[in-house]
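Since the structure comes first, as structure tokens, the remarks are kept for the end.
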């Protein structure tokens, strides 16, 4: 059983600091969200959003896309049960429940930024170390990273994820951050079309969600 992470006030230091790596591998990492001090559920990053964590040995910032998130009891033996109460009522009558929950998410690695600021859209030499902080990427970082679109190929090969929906969600998120730049969206659609040129059903599914 994993012990709960210490309580953090995530808004007091860096609001982009949302989680901590608790499992790591070449292609992805698992992170546990930091718990706010007040009686609220941990902030869960959105499906398809881009986060980052550091590889301390190289100075690389590892970029990854969130593809799966869960909230569950810390104690895996005792499952949560329906109590018929609102969150406000739970905070008033059973506040201890919030300390017994953990929110975790998996993120697929799509590239990295080296210590000189150069972006790469392939797997880094190593993933972030365990216990590294996980941060939401800044808008400017995502815009720079998405100037190239080879990462879409990586997304469409993620194992154990609804990759078509994941790819579409990531494209939509970047499109919003790029002020709904239509030319970028058209280029992204053409890139997906080239990658999935031999699988019309999958291609149609992705394109139908980004129009």
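The values are calculated or read from the model by the stated rules, or taken from the named source; none is laboratory data. Since this is a predicted model, take the numbers as computed values, not measurements. Glycine also receives a Cβ, built like all others from the backbone with ideal geometry; neighbour counts cover every protein chain displayed.
Screening 72, 82 for residues that are surrounded by fewer than 16 Cβ atoms within 10 Å (Cβ to Cβ), out of contact with any strand residue (DSSP E or B) (no Cβ under 6 Å at 6 or more places or on another chain), modelled with pLDDT under 95 and in a strand (DSSP E or B) leaves exactly one candidate, 72. Screening the range 103-193 for helices (runs of 4 or more DSSP H) wholly inside it with 3 or more residues that are outside the structural domain of residue 68 (by TED's automatic domain parsing), surrounded by fewer than 16 Cβ atoms within 10 Å (Cβ to Cβ) and over 16 Å from the mean Cα position of the chain (by Cα) returns no ranges. Is it the case that residue 204 is in a loop (DSSP other than H, G, I, E, B), out of contact with any helix residue (DSSP H, G or I) (no Cβ under 6 Å at 6 or more places or on another chain) and either surrounded by 15 or more Cβ atoms within 10 Å (Cβ to Cβ) or not assigned by TED's automatic domain parsing to the domain that holds residue 43 (or both)? So residue 204 fails the test.
Against the definition (in contact with a strand residue (DSSP E or B) (Cβ under 7 Å, 6 or more places away or on another chain), at pLDDT 95 or above and within 27 Å of residue 177 (Cα to Cα)), how does residue 42 come out, yes or no? So residue 42 fails the test. Taken over the range 23-39, residues that are within 20 Å of residue 98 (Cα to Cα), surrounded by fewer than 17 Cβ atoms within 10 Å (Cβ to Cβ) and at pLDDT 95 or above amount to 0.
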